[in-house]
Every structure is written in C-alpha cells, then in structure tokens.
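Structure first, commentary second.
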Amino acid sequence: IMCVSNEVNNDKDNNNINAPRRSALDLYDSSGRLEPGDSHRYLFSVKAHSAAASLRGIAYGDELGQAVITYRKAMGESGTLYSSTVVCPPTSFRPIEGSTAADTTTTTTTSDVPTSTSTTIATPSKFVTHKSGLSVDVAAASAQRSSLPANPTAPRSLDELLPITIEPIDPPATLLLSHPRKLTVLIVNHSDRAMNLQLQMRLSHMTGVVVCGSSFLTLGEVPPRGGSCAVEVRLVALVAGLFEVKGFYVVDLTTGMEVGMPSLFEVFVELPEEMGE
C-alpha cells in the first residue's frame, strides 16, 4: 500500500507552471510504502492558533483533530481512512512505588493545619504538551472531585497532588547554546488557603537546560482558590539537543510544604551560527 499525503495530491493538481516541480525522490519521501505486516509511526505537532487558546494552552478534553490517511493499492484502487477524534488526555501525576529522586511531590497532613511532611515520588504523563494547560487540568479535577461523593479509597485527585502549579508563559521552542534566555512563569495557588511561597529551581534535577542566576525567588503571599503571580527567571542551555525544562519546586515557607512540578516544556538547543560553521 502506498500512503499519500494531501500535500502530494494537491501538487499534482497545481496548474501554475512557475511553481517549482518536486523530484520523484521528494514525492516518495512524502509518501509511505507499506509492505505486508509493516507499520509506521508518525509524530504530529498540535498548536493553538487563536490568542485566547494560546493563553489558555492545550488542556484535558480539548479536541486535537483527526488523522486522515489516503492510500493506493498495487492495482490502483484508492481509499481514505479517518481516525476517531483525538482528544487531549488528562494530565497524569500519580505516586509510584520504588521510584527514585527525579520528580518529588511533598505533602503535609494533619487535621487542620499541616505540620508534618511526607514525601511521595510522582511521575508525569508521557503525553507532552507545549504551552501547558496544567492549571486548567487541576481546576477541572477540583471541580469534578467536589461534584462526586467522598470516596476514601479513590486515588488522590490531581488538585490534591498539585495544590500549586507552575506554567510557562509563551515558552521558546528553541534555545541557543550558552545564550541565557528569560522565561516568564505563572504560579497558581489552587488550595483553600493563602500561602507564603518561594520558587526554587534545583540544579540537581535539571539536565541540559539549567537556571542562570539566583536559584530561588521569594514570591510572598499568594491568595487561595486561583490566586496567582507571574515571575521572570533566566535559563541557559549547556548542551545541544532536545531537553525537558524541569527541576522547578514551590515551597510554602509557613508550613514547609514542597510541591515538585512535572516538566514544564521541551526545548531544542541549537548551536549558534558561528559555532555551526
């Protein structure tokens, strides 16, 4: 079976004689020949276009579109396959047993005021979103939990695991090696009480892209139930390649509660032109 993209089909119908003609190799590379039993895997980048969607980010429940495959068999028969609508899955941030250090969420529990701490290791979802809608997911999880009857045996909700979230505002897709870059992050307090917060960027949990300058910022008191503040940090890339921007923690200075964030976004580190030559 030969799978042909819409781009190839449109090229055949192009009547503009001045348009550059594509070589047979280009046409073959943009198609996929499948032998019996073959399978191909493709990676798609989905981005928000409108200003409102870009500000909100991609979040749980958003429809991301459909995959459409046009094929042609050996005898010339053609057809089209449509997938079901792809929906953004919920963010997963569940404690797992036997894990080690990378991403840690520390929670505090007593009857009214948290006074003691217990640490759980959590793992983020493998589903990667650029310009994360994590705070939207947490707010949705909180609303869903409040609408359901209490169930002490149920897994902890996302808003319980992440009472505070950090989101990057307009994060870069690329960084230049050894060139510091400013990044604005939004810290949101989803809990029912005001918190005296400090943002920490822990070098031991960063790889490839690290903090440049002070490794902590005192945020002061952040109001409850969606209270937020935006701060600016500086990052610098130490190695070329594709890396996760991670190692961000928020600490409540009053209670000592620590909340470790999943990876904020992924970034591709490029060599400057003078180094690439």
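Can you check what the net charge comes to around Cys88, using other residues whose Cβ is under 11 Å from the Cβ of Cys88 (Lys, Arg +1; Asp, Glu -1)?
Summing Lys and Arg as +1 and Asp and Glu as -1 gives -3.
Which percent of the Cα-Cα distances in region 179-277 go past 21 Å?
Pairs farther apart than 21 Å: 38 percent.
Check which residues have an amide H placed less than 5 Å from Val269's amide H, if you skip close sequence neighbours.
So Val269 has HN proximity to Leu175, Gly241, Leu242, Phe243.
With a sphere of radius 11 Å drawn around the Cβ of Leu176, what net charge do the other residues whose Cβ falls strictly inside it have (Lys, Arg +1; Asp, Glu -1)? Spell out each step's value before the answer.
On the way: positive: Arg181; negative: Glu270, Glu273, Glu274.
Charge balance in the 11 Å sphere: -2.
Give me the net charge of Glu221's neighbourhood, meaning all other residues with Cβ under 15 Å from the Cβ of Glu221; Lys, Arg count +1, Asp, Glu -1. The partial results should precede the final answer.
Details: positive: Arg193, Arg225; negative: Asp192, Asp252.
It works out to a net charge of 0.
Between Thr70 and Ser214, what is the FRET efficiency for a Förster distance of 51 Å, r being their Cβ-Cβ separation, to the nearest 0.05?
0.40
Got a sec? What order do Ile169, Ile187 fall in by accessible area at 1.4 Å, biggest, i.e. largest, first?
From most exposed to least exposed: Ile169, Ile187.
Using label points projected 7 Å from each Cα along Cα→Cβ, tell me how many nm separate Lys182 and Lys47, to one decimal.
For Lys182 paired with Lys47, the spin-label model returns 2.2 nm.
What nm distance separates the two modelled labels at Val87 and Gln200, each placed 7 Å from Cα along Cα→Cβ?
Distance between label points: 3.9 nm.
Using a 1.4 Å probe on the protein heavy atoms, what percent of the accessible area of region 126-225 belongs to carbon and sulfur?
56
Separation between the Val231 and Ser147 pseudo-spin-labels, each 7 Å from Cα along Cα→Cβ, expressed in nm?
Between Val231 and Ser147, the label points sit 3.5 nm apart.
Per residue of region 146-154, in order, report the coupling 6.51 cos²θ - 1.76 cosθ + 1.60 (Karplus, θ = phi - 60°) as ³J(HN,Hα) in whole Hz, putting x for Gly and Pro.
For region 146-154, the Karplus curve yields 5, 8, 9, x, 4, 9, x, 8, 6 Hz.
The values are calculated or read from the model by the stated rules, or taken from the named source; none is laboratory data. This is a predicted model, so every value here is computed, not measured. Don't worry about glycine lacking a Cβ; one is built from the backbone with ideal geometry, like all the others, and counts go over all protein chains shown. Protein only, heavy atoms only, side chains kept; ligands, DNA and RNA dropped before computing areas. Shrake-Rupley method; radii C 1.70, N 1.55, O 1.52, S 1.80 Å.
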